[in-house]
Amino acid sequence: MILHPSRASPRLGSGWPLGFARDPRTMRGMDRLAITSITNFLLAAELFFVAGMMVRTVKARFTPAWFWAVAVTALAASSLLGGIDHGFVEPAGLDRYWIQRPNWLVMGVMTFCTLQAAGGQFLPARWLPVRGRAAARSHLGKVERETGFEPATFSLGS
């Protein structure tokens, strides 16, 4: 049987089961902090799942793939800390200093790793630091040994 508010039941107090939809004048919705907290927790759960998929594959240290995995893990941790901040610390009126500073630190790690990954993946080797240039040269030497052509002289233009 479909219950409707117009068919009020004296047992339940309203037409909805277990009194879910009470009088709209007295209903209170969720406040902004609770909604923000829930979305932060959902985002953190999704990001921890994706980070787990990225971290489980073995990668060489300090490669763009390694930096992306660390960046996604840091983003998940930041979302979790944000959910704790907005859902528990801020509504309780507690001092937010001790939750905000670690969150900012984790966000800084995430930003650094994102920039390192993008730079290592998309910037030419001459723009990278010496360590990056050495790694690029060793990779190009490996390509030359395996394929027989020198990548530095290969171009798509004239």
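Only the coordinates and a few stated rules stand behind these numbers; no lab work does. Since the model is a prediction, treat every value here as computed from it, not as a measurement. Virtual Cβ from ideal backbone geometry, glycine too; neighbours counted across all protein chains shown.
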Sites I38 and F122 - FRET efficiency at Förster radius 25 Å, r taken between beta-carbons, to 0.05: 0.10
Mean Cβ count within 10 Å, highest first, over the residues of peptides 96-105, 80-89, 38-47: 80-89, 38-47, 96-105
Neighbour-count order for L115, L75, fewest beta carbons within 10 angstrom listed first: L115, L75
Farthest toward positive dipole pole in region 33-122 [+1 Lys/Arg, -1 Asp/Glu at C-beta], among G120, V106, V50: G120
Descending principal axes extents, region 33-122, alpha-carbon based, whole Å: 44, 22, 18
